[in-house]
1. Any residue at all in the range 27-37 that is of a type in the set (S, T, N, Q), surrounded by fewer than 17 Cβ atoms within 10 Å (Cβ to Cβ) and at pLDDT below 75?
2. In the list L114, L120, which residue meets the criterion of being under 18 Å from A70 (Cα atoms), in contact with a Lys or Arg (Cβ under 9 Å, 6 or more places away or on another chain) and open to solvent by less than 30 Å² (accessible area, probe 1.4 Å)?
3. Can you name the number of the only condition in (1) under 25 Å from S205 (Cβ atoms); (2) within 15 Å of the chain's Cα centre (by Cα); (3) among the small types (G, A, S) that G134 fails?
4. Quick one: L104 ticks every box in (1) without any contact (Cβ under 8 Å) to a residue 60 or more places away in the chain; (2) under 15 Å from the mean Cα position of the chain (by Cα); (3) surrounded by fewer than 22 Cβ atoms within 10 Å (Cβ to Cβ) except a single one, so which number is it?
5. Do you know which of the residues in the range 125-163 that are among the small types (G, A, S) and over 22 Å from D54 (Cβ atoms) is surrounded by the most Cβ atoms within 10 Å (Cβ to Cβ)?
6. Name every residue in the range 80-108 that is closer than 24 Å to P127 by Cα and aliphatic (A, V, I, L, M), in order of residue number.
7. Go through the range 164-195 and give me each residue that's free of Cβ contacts under 8 Å to residues at least 40 places away in the same chain and surrounded by 22 or more Cβ atoms within 10 Å (Cβ to Cβ).
8. In the range 238-273, which residue that is of a type in the set (D, E, K, R), in a loop (DSSP other than H, G, I, E, B) and touching a Lys or Arg at 6+ places or on another chain (Cβ under 9 Å) is modelled with the highest pLDDT?
Amino acid sequence: MPAPSLAPVPDDQSSLAALRDRLAALEPQSRPADGGFGPAWPGLDPRLWQLRRDPLLEVRAAEPLHAVAAAGFGLGLACLARGGDPDPLVWVLETRAEAEIGALYGPGLQAWGLDPAAVLLVRAARPEALLAAGEEALRSGAAGAVLMTAWGDGRAFSLTASRRLALAAEAGGRAGLLVRAGLPAAAPDGTSAAETRWRIRPAPSTAPPPPGPPPPLGLAARAPVRPAFRAALFRSRAGIAPAEWIMEWDRAARAFVAPTPSGGLVSVPADRPAGAAQRRPGRRAA
C-alpha cells in the first residue's frame, strides 16, 4: 500500500523554499470550468453545492473529542473540491493535531476513496508554519486542493491570516480547507474570510453494509460503512441561513449523501435554524 508522499516541515525559510520547489515540480494542470462543488441532495440550499473551486472553507470541531469527525468532514470537502483533478491533495498537518488525532493511514485513506499516492503530506510544527505552507500550496495552483489541519486556539488564526489564505486560494484557483480542532466548546467563533464556516460533531451511521463478502481491514460483516456527521453551518458569506444537517460520506460516490431513513435519523432541512435542530427529539449523536 503506498504511503502518502512526504514534504519538508516548513519551519524556516529554507524548508519553505524546498516546499516551493516541490510544488513547482508538480506542473499544475488546467481545470475546466464547472458548476462548483459541495454537498448536494434535494432540500439543500443550492448555493452550498455551487461553491467556487477557489474558496477558503473553515471546519471546526464542536468539542475537542470531535476532532476526528471534523478532520473527516474536512477531508470529504477536500475530496469534493479536488474532484477528478490529477494534481495531488496537499495536506498540511500540524504535528500536535497528528499526535491527538492520529497519523495518516494508507489503507484508511483508500477506504475513504482516496489514493494515498495522491496525497502530498506536509508536517508543520507550529500554527504559523501551517499557515505559511498552506498559503504557499494554494498560491502555487499545483494542488488539487489544500487541506490544513490545526490544533488548538491561537493568535495565528486571525482575520488577516484567513484573508491571506483566501487571496492565495483565489490566485491559485484551488480550494483551501482549514480544519480547526482542539478548541474548547465555549471558544468564540471569531472572524474569518472563509466562504462558509462549519461546526462538526459525529453522528451514528445509518447506511447498511453492501452486499457481497465482508469488508476489508477486519470489519464485521454487518458493520456500518458510511462515516456520518452532524454538520452545522454557522456562517456563510453568501447569506445562507445557519442550519444543521446529518451527512454521510459515500466512498464509492466520493460524495456526501443524505442518511438512509432506516436508522431513524433524517437530514435537517436547510431552512431550519441550527439551534432548533439541536432541540429536536430523537437519538443523540455520539
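The values are calculated or read from the model by the stated rules, or taken from the named source; none is laboratory data. Just so it is clear, the structure is predicted and the values come from calculations on it, not from any experiment. Note: ideal-geometry Cβ built from the backbone for every residue, glycine included; neighbour counts use all protein chains shown. What goes into the accessible areas is simple: the full protein's heavy atoms, side chains included, and nothing from ligands, DNA or RNA. Shrake-Rupley method; radii C 1.70, N 1.55, O 1.52, S 1.80 Å.
1. yes
2. Values: L120 fails: under 18 Å from A70 (Cα atoms).
Answer to the check: L114.
3. (1)
4. Going through (1) without any contact (Cβ under 8 Å) to a residue 60 or more places away in the chain; (2) under 15 Å from the mean Cα position of the chain (by Cα); (3) surrounded by fewer than 22 Cβ atoms within 10 Å (Cβ to Cβ) one by one, L104 breaks only (1).
5. First pass over the range 125-163, keeping only residues among the small types (G, A, S): 125, 129, 132-134, 137, 140-145, 150, 152, 154, 156, 158, 161-162.
Those still in the list that are over 22 Å from D54 (Cβ atoms) too: 125, 129, 152, 154, 156.
Numbers: A125: 13, A129: 22, G152: 18, G154: 12, A156: 16.
Checked the range 125-163; the qualifying residue surrounded by the most Cβ atoms within 10 Å (Cβ to Cβ) is A129.
6. A81, L89, V90, V92, L93, A97, A99, I101, A103, L104, listed by residue number.
7. The first filter runs over the range 164-195 and keeps only residues free of Cβ contacts under 8 Å to residues at least 40 places away in the same chain, leaving 164, 167-168, 171, 186-188, 190-191.
Across the range 164-195, the qualifying residue is only A168.
8. Within the range 238-273, the first condition is being of a type in the set (D, E, K, R), and the residues that meet it are 244, 248, 250-251, 254, 271-272.
Applying the additional criterion that residues be in a loop (DSSP other than H, G, I, E, B) yields 251, 254, 271-272.
The next check asks that each one be touching a Lys or Arg at 6+ places or on another chain (Cβ under 9 Å); those that pass are 251, 272.
Numbers: R251: 85, R272: 48.
In this case the residue turns out to be R251.
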